[in-house]
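Okay, so here's the structure we're looking at.
The values are calculated or read from the model by the stated rules, or taken from the named source; none is laboratory data. Computed from a predicted structure; not experimentally measured. Glycine gets a Cβ as well: all are built from the backbone with ideal geometry, and neighbour counts include every protein chain shown.
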């Protein structure tokens, strides 16, 4: 009887522990809780007037002047507030912030995708942090005429809980100024294994941040100098402007479902350090294309591989939206930098304002001498065998 009671007690304890850890479910890929701000507050959505008191936003903590805004809402002067998607979004006043705690996997890397718009003509920015990591995104440059852009930043989880914070670091004189944010999503990043015949990690850009299927603007990747915690695994954005991560649902993509559009001229550089063997001859090959987003030509890419740099112009072809380019180089060290930027600053022909550029995809670095060496060896062996058989007969 005592043994049965002891067994039952341990089963009960196990069930309690299992239930506890089951409740700590990891953040799923996609919107965080009330990430689109469409969940109705207990006292209803606020009126059009700006409130000096705290605004209740379900699933979020607020600090400072945080306002739930609605599509079509106007502020003083008749300016129309921009809500990226849906009916509601959040505006952050001076030094105001919203935050939410998410359950993550310690040691893993995550990407945060969000949409942002500025309210006033003054310079506005948005600080996004998962302490201690922090990054400030400049909202002054608009990449399209819709008045808002999707962005993505990344972080490595140091604990199993992460506090996601969006803060307005600005101090504007006008209390109605301040960035607007919407559609906040999270995605756990996985770095793909490096293929045996290619030194480039994530060569086809198939691994990257969360993308909303019904958003046709892609995702902007601002400056990120750490390839270990990049929203585009393996790659860095090492300039002061963003590049655009695009999908095959809304753009022409040379290979697979994802690619990168270089939308910021020489100010939008993507790069990667690849493993090489010193004094060996390599080839860098990549697909260069047009996204079919009405981008005004000419389109051209400057490609770097070690100490080699070469300019490639996209040549339109009625049968294809892309072409393959290559650069030969001799490795000088065990790691070699490859990089790309757009030679021109391009805009769309339909509005002459939205930024665009050439598409890069399917990037490969391979030992170009290997195949020729193997052919020579096989030819040599074949010749030796032929001579041997000739004398034997």
Evaluate the following for residue 109: is it surrounded by 15 or more Cβ atoms within 10 Å (Cβ to Cβ), within 19 Å of the chain's Cα centre (by Cα) and within 30 Å of residue 238 (Cα to Cα)?
yes
So, in the stretch 60-86, exactly how many residues are assigned to a loop (DSSP other than H, G, I, E, B) and in contact with a strand residue (DSSP E or B) (Cβ under 6 Å, 6 or more places away or on another chain)?
6
Looking at the stretch 113-134, can you tell me whether even one residue there is at pLDDT 95 or above and touching a helix residue (DSSP H, G or I) at 6+ places or on another chain (Cβ under 9 Å)?
no
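Of 145, 165, which residue is surrounded by 15 or more Cβ atoms within 10 Å (Cβ to Cβ) and in contact (Cβ under 8 Å) with a residue 24 or more places away in the chain?
Only one candidate passes the filter, namely 165.
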Which residues, counting only those in the stretch 190-206, are under 18 Å from residue 270 (Cβ atoms) and either surrounded by fewer than 20 Cβ atoms within 10 Å (Cβ to Cβ) or not assigned by TED's automatic domain parsing to the domain that holds residue 367 (or both)?
191, 192, 194, 198, 206
Do we find a residue being touching a strand residue (DSSP E or B) at 6+ places or on another chain (Cβ under 7 Å), modelled with pLDDT under 65 and more than 21 Å from residue 167 (Cα to Cα) anywhere in the stretch 18-25?
yes
So for the stretch 261-272 (the condition being closer than 16 Å to residue 204 by Cα and touching a helix residue (DSSP H, G or I) at 6+ places or on another chain (Cβ under 7 Å)), does at least one residue qualify?
yes
